[in-house]
Amino acid sequence: MEFQGRTVLVTGAAGALGRTVAESFAAAGAALIVVDIAADGLRRVFGEAHRQVAVDITDPAAVAAAIGPLAGGVDVLCNIAGGFAMGPPVHETPAAMWEDMLGRNAVSVLNMARAIVPAMQARGSGKIVNVSAMGALKAAPAMGAYAVAKSAVLRLTEAMAGELRESGINVNCVMPSIIDTPANRADMPNADPGRWVAREALADVILFLASDRSRAIHGAGIPVVGLS
């Protein structure tokens, strides 16, 4: 039980990947704080299990109020929440889409860091794992806003890692390609999901980065691509 006695906070916990990550940590003995935007979504996924917090993590004031009082007990922060959307060409992408992609993917990471990091610094230990994407390294057509947002997550990870390593805090991220989720199967019915990244496989990498075994790793962006 590698995470026995540790508390792990997972954002986006009611989503496909978030649920898998939360369940993997629970199976490894962690106490969980599961965070998502809607209370009914959390109850539907987890029933009455775990500490459940419904909050819009793109809203800094809401995060400070809902998450700040819990920060002192959080050993691991997993920023799983995010979002994907195809778009028009960059020059036709509306401001609302830029704001949405940056908000759900990058601003959410920043807001959670503001709420959690000071307590980790005071304790002198902590693990933060973010979810970037392979699109952070090379953008594809019609994915400009998403690629920019995931690139921001990668750069936030690198900056935070350098800032926090002397405080005993490891900050790293995973960079998956296509994740095998119900939504992706519905959107790409003719694709072979066996070539995608299984959620359980991605969770394995996230748990490694959250464990003591990753103590020498700071600021890494780890590609997790399966066969895609």
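The values are calculated or read from the model by the stated rules, or taken from the named source; none is laboratory data. Small disclaimer: the values here were computed from a predicted structure and weren't measured. FYI the Cβ positions are ideal-geometry reconstructions off the backbone, even for glycines, and counts take in every protein chain you see.
Identify the single condition in (1) under 23 Å from Arg19 (Cβ atoms); (2) crowded, with 17+ Cβ neighbours inside 10 Å; (3) under 15 Å from the mean Cα position of the chain (by Cα) that Asn170 does not satisfy, given that it satisfies every other one.
(1)
Would you point out the residue of region 184-216, among those that are in contact with a helix residue (DSSP H, G or I) (Cβ under 7 Å, 6 or more places away or on another chain) and in contact (Cβ under 8 Å) with a residue 40 or more places away in the chain, that is surrounded by the most Cβ atoms within 10 Å (Cβ to Cβ)?
So, considering only residues that are in contact with a helix residue (DSSP H, G or I) (Cβ under 7 Å, 6 or more places away or on another chain) and in contact (Cβ under 8 Å) with a residue 40 or more places away in the chain, the one surrounded by the most Cβ atoms within 10 Å (Cβ to Cβ) is Ile206.
If you scan region 69-80, which residues turn out to be part of a helix (DSSP H, G or I) and not aliphatic (A, V, I, L, M)?
Pro69, Gly72, Gly73
Assess whether Val53 counts as being free of Cβ contacts under 8 Å to residues at least 24 places away in the same chain, within 23 Å of Ala115 (Cβ to Cβ), surrounded by 19 or more Cβ atoms within 10 Å (Cβ to Cβ) and not aromatic (Phe, Trp, Tyr).
yes
Pick out the one residue from Gly135, Gly144, Gly126, Gly194 that is over 14 Å from the mean Cα position of the chain (by Cα), modelled with pLDDT of 95 or more and under 21 Å from Phe25 (Cα atoms).
Gly126 is the lone residue from the list that is over 14 Å from the mean Cα position of the chain (by Cα), modelled with pLDDT of 95 or more and under 21 Å from Phe25 (Cα atoms).
Do we have any residue at all in region 21-37 that's surrounded by fewer than 22 Cβ atoms within 10 Å (Cβ to Cβ) and under 18 Å from Arg104 (Cα atoms)?
yes
With (1) surrounded by 14 or more Cβ atoms within 10 Å (Cβ to Cβ); (2) among the aliphatic types (A, V, I, L, M); (3) part of a loop (DSSP other than H, G, I, E, B) as the list, and Met86 as the residue in question, which single condition is left unmet?
(1)
Among the residues that make up region 28-40, is at least one of them at positive phi and touching a strand residue (DSSP E or B) at 6+ places or on another chain (Cβ under 6 Å)?
Checking region 28-40: not a single residue is at positive phi and touching a strand residue (DSSP E or B) at 6+ places or on another chain (Cβ under 6 Å).
Listed here are the residues, each with its yes/no results for (1) of a type in the set (S, T, N, Q); (2) surrounded by fewer than 18 Cβ atoms within 10 Å (Cβ to Cβ).
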position: Met1; (1), (2): no, yes
position: Arg6; (1), (2): no, no
position: Glu48; (1), (2): no, yes
position: Leu77; (1), (2): no, no
position: Ala96; (1), (2): no, yes
position: Met101; (1), (2): no, no
position: Asn111; (1), (2): yes, no
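Which one of these does Phe84 not meet: (1) aromatic (Phe, Trp, Tyr); (2) within 21 Å of Leu156 (Cβ to Cβ); (3) free of Cβ contacts under 8 Å to residues at least 40 places away in the same chain?
Here Phe84 clears every test but (3).
So Ala30 clears everything in (1) aliphatic (A, V, I, L, M); (2) farther than 16 Å from Met112 by Cβ; (3) within 13 Å of the chain's Cα centre (by Cα) except one condition, right? Which one?
Among (1) aliphatic (A, V, I, L, M); (2) farther than 16 Å from Met112 by Cβ; (3) within 13 Å of the chain's Cα centre (by Cα), Ala30 violates only (3).
Which of the residues belonging to region 8-36 are in contact (Cβ under 8 Å) with a residue 40 or more places away in the chain and more than 15 Å from Ile206 (Cα to Cα)?
Gly15, Ile33, Val35, Asp36
If only one of Ala65, Ala13 is at pLDDT 95 or above and surrounded by fewer than 20 Cβ atoms within 10 Å (Cβ to Cβ), which one is it?
Of the residues listed, the single one that is at pLDDT 95 or above and surrounded by fewer than 20 Cβ atoms within 10 Å (Cβ to Cβ) is Ala65.
Among what's in region 174-228 and is among the hydroxyl-bearing types (Ser, Thr, Tyr) and assigned to a loop (DSSP other than H, G, I, E, B), pick the residue that is farthest from Met143 (Cα to Cα).
Filtering first and then ranking leaves Ser211.
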